[in-house]
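J.: Have a look at this one.
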RNA sequence: GCGCCUGUAGCUCAGUUGGAUAGAGUACCAGUUUCCGAAACUGGGGGUCACAGGUUCGAUUCCUGUCAGGCGCGCCA
């Protein structure tokens, strides 16, 4: 509809210029907007104001010329000039009512488009270190990433969702060491648990499993384990040195094979937990990509060779540095440490190169806002390797600050003091949690009040939308109970009877859905879909309270039932994209 | 100090890429049910769009500066 109006105006403009009524000039893009206020018609165009300067004419005068030049068509009943020079279009009843037929004909496909057809896009999100269960902070990334993915799918993109598993590096070693120490406790050893170890109860559980599976195979006495180990922080030592020394001791006492067995039990247990948690949260992945696999298959080394070949690496203090300052970063970065180990950054360079080599047209990384300083160096590495950096889009999700009432909740994975995503899900449910997370723009800092989300979950907007859906279902149940049926054909033939202002509001709201979906997809802004659904639900509830659907006048009744069927379909489609259920009853 | 994000009603937030009288939810006040689900609806008060300049027909939106808050600035991941 917008496109048709734009064509009409463009044609009118070129006619006017050809006739000499308007001077030769650069014509800006014609923009058509839906009006906020019904008294301004259905669509508005501001082209006359935009042309005022280049044409050196009064905008209202230009508007008059354009209106006179527009070819008459049957789907427009009225064209007005208003305010400083807006051109307002009012559509015929026929064309606004047609949307209902479109919705019912397309069903669950309504709103989908093909603007992304033929384009593949990879979306990486969450990618939390597998050192503990997901907490509520990860929930926002999970909800955001999965809805962005669904939006892209709905608009025709070929989407590949991926979780990057950081299963290598020091943090994982600390986890393995923590598991081993808890296992030793289970064997009956007594010692002070390192202050920098992972202290969560899940570590105890994994250690218990390890003890059951392997018996005393990894048992060593506390005296042996702690002999000559650097002091921990409470003993005026350094907590980092303390834990690293314990990791070395673990490798030494268990041997490579034994250490890897302990490591694997810890990794597998946590990864399984994360997978299950995300699945239950309605967040699906196409691939779980292992960081270790990059190292073991030599992909990381290859990437480093490529950087060396490009002459962007240099040696200093025994380490290899990437000259990222040459590509806009604020300082150079180490890729190979003086001990010969590659850094996390080196893995990430290799990972991004790998993403590019897989041939995606677009690569989307969804990161927590605390990683923003990381963007310049990743982009720098891609430029250094002659890759098209514009294919990479990094979407930052701002932190959700947790509150319990008015009190801030401190969170730390290490200390084990956090609210897990699973706990949140148990309290408020998948639907409410997802809707709540996606309700705000990603670049908006979010205050997440656990008291509100948990104890007053009925105030959560998701119920408002779901209730609208259940209410429509309820009407149809009533219809059946009264021995009546919905006659879609008859309803569609009598759409002309939908003349109430509430019905007009609903019609234009329904017509907006495909535009909302498209805009939410290309701008990666799921929250506008959430807000749209709330608006649609509000219009429906208002309509419901103002008029009855099951009435004596059969033709009007059927027309109204057909309208609310369309409402139900659009709510279902929207909630499905959000990964939220659309219940028949609540 | 430098970089990224943010500042809109008491609170939580939208604001259709620069448009017409800045909107929701919540809280507060007053109402609506012999009738399809009251998890709903109707009405009301509540604003210097942080502040100051600039760009233009027009700025909450774009630019500059100031102030305030969050986050980041490792041979951690």
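J.: Report Rg(Cα)/(2.2 N^0.38 Å) for region A:1-157, keeping two decimals. Before the final figure, lay out the partial values.
T.: Values: Rg = 22.3 Å, N = 157, 2.2 N^0.38 = 15.0 Å.
Dividing the Cα Rg of region A:1-157 by 2.2 N^0.38 Å gives 1.48.
J.: Still on this structure, please answer the following. How many angstrom separate the Cα center of region A:77-103 from the Cα center of region A:540-567?
T.: Rounded to whole Å, the Cα centres lie 23 Å apart.
J.: Separate question: To the nearest 0.05, what FRET efficiency results for residue A:538 and residue A:38 with a Förster distance of 22 Å applied to their C-beta separation?
T.: Details: r = 16 Å, r/R0 = 0.71.
Computed FRET efficiency for residue A:538 and residue A:38 comes out at 0.90.
J.: Let me ask another. In deg cm²/dmol and to the nearest 500, what is the mean residue ellipticity at 222 nm of chain A if only DSSP H runs of at least 4 residues count, each as -39500 (n - 2.57), divided by the residue total?
T.: Working: 21 runs with 307 residues, N = 586.
Mean residue ellipticity at 222 nm (helix-derived): -17000 deg cm²/dmol.
J.: Evaluate E = 1/(1 + (r/R0)^6) for residue A:309 and residue A:546, where r is the Cβ-Cβ distance and R0 equals 60 Å; express this FRET efficiency to the nearest 0.05.
T.: Details: r = 72 Å, r/R0 = 1.20.
In this case the efficiency is close to 0.25.
J.: Which number do you get for Rg(Cα) / (2.2 N^0.38 Å) in chain A? The partial results should precede the final answer.
T.: Values: Rg = 30.4 Å, N = 586, 2.2 N^0.38 = 24.8 Å.
It is 1.23.
J.: Continuing with the same structure: In µm²/s, what is D for region A:2-91 at 4 °C and 1.567 mPa s, where D = kT/(6 pi eta Rh) by Stokes-Einstein and Rh is the Kirkwood radius from Cα pairs?
T.: For the chosen part, D equals 100 µm²/s.
J.: Taking only C-alpha pairs under 8 Å that are 6+ residues apart, what is the relative contact order of chain A in percent?
T.: 16
J.: By how many degrees, 0 to 90 and rounded to 10, does the Cα axis of helix A:501-522 deviate from the longest principal axis of chain A?
T.: Taking Cα atoms only, the helix is inclined about 40 degrees.
J.: Still on this model: Please arrange A:421, A:490 by how many other C-beta atoms lie within 10 Å of their C-beta, fewest to most.
T.: Values: A:421 27, A:490 15.
Result, fewest neighbours first: A:490, A:421.
J.: Report, in whole Å, the centroid distance computed from the Cα atoms of region A:10-61 and region A:234-296.
T.: 63
J.: Can you tell me how much longer the chain between residue A:531 and residue A:15 gets when fully stretched, taken as 0.36 nm per residue apart minus their C-alpha distance, in nm with one decimal? Intermediate results must be reported in sequence, preceding the final value.
T.: On the way: separation 516, 0.36 × 516 = 185.76 nm, distance 4.07 nm.
Gain on stretching residue A:531 to residue A:15: 181.7 nm.
J.: Multiply the residue gap between residue A:479 and residue A:191 by 0.36 nm, knock off their C-alpha separation, and tell me the result in nm, one decimal place. Each step should come with its number before you reach the end.
T.: Working: separation 288, 0.36 × 288 = 103.68 nm, distance 7.12 nm.
The span from residue A:479 to residue A:191 would gain 96.6 nm if fully extended.
J.: If R₀ is 41 angstrom, what is the calculated FRET efficiency for the pair residue A:586 and residue A:358, using the beta carbon separation as r and rounding to 0.05?
T.: With R0 = 41 Å, the Cβ-Cβ based efficiency is 0.40.
J.: I want to check the label-to-label distance for residue A:224 and residue A:467. Put each point 7 Å from Cα in the C-beta direction and report it in nm to one decimal.
T.: 6.6
J.: How tilted is helix A:461-481 with respect to the longest principal axis of chain A? Cα atoms for both, answer in degrees (0 to 90, nearest 10).
T.: Approximately 60 degrees, to the nearest 10.
J.: Just rank A:293, A:178, fewest to most, by other beta-carbon atoms within 10 angstrom.
T.: Working: A:293 14, A:178 28.
Neighbour counts put them in this order, fewest first: A:293, A:178.
J.: Helix A:344-357: angle to the longest alpha-carbon principal axis of chain A, degrees 0 to 90, nearest 10?
T.: 40
J.: Over region A:460-578, how many percent of alpha carbon pairs lie in each 10 Å bin up to the one with the longest distance?
T.: For region A:460-578, the pair-distance distribution reads 13, 45, 31, 10, 1.
J.: Just the C-alpha atoms of region A:170-280: what Rg/Rh do they give, with Rh taken as the Kirkwood radius? Write down the numbers at each step before the final one.
T.: On the way: Rg = 13.7 Å, Rh = 14.2 Å.
Using Cα coordinates only, the ratio equals 0.97.
J.: Among DSSP bridges having both ends in chain A, what percentage is antiparallel? Round to the nearest 5. Working shown, then result.
T.: Working: 24 of 47 bridges.
The antiparallel proportion sits near 50 percent.
Computed from the coordinates by the stated procedures, all read-outs in this text should not be read as laboratory data. The structure presented is a predicted model; accordingly, all values stated were derived computationally and were not measured. Glycine gets a Cβ as well: all are built from the backbone with ideal geometry, and neighbour counts include every protein chain shown.
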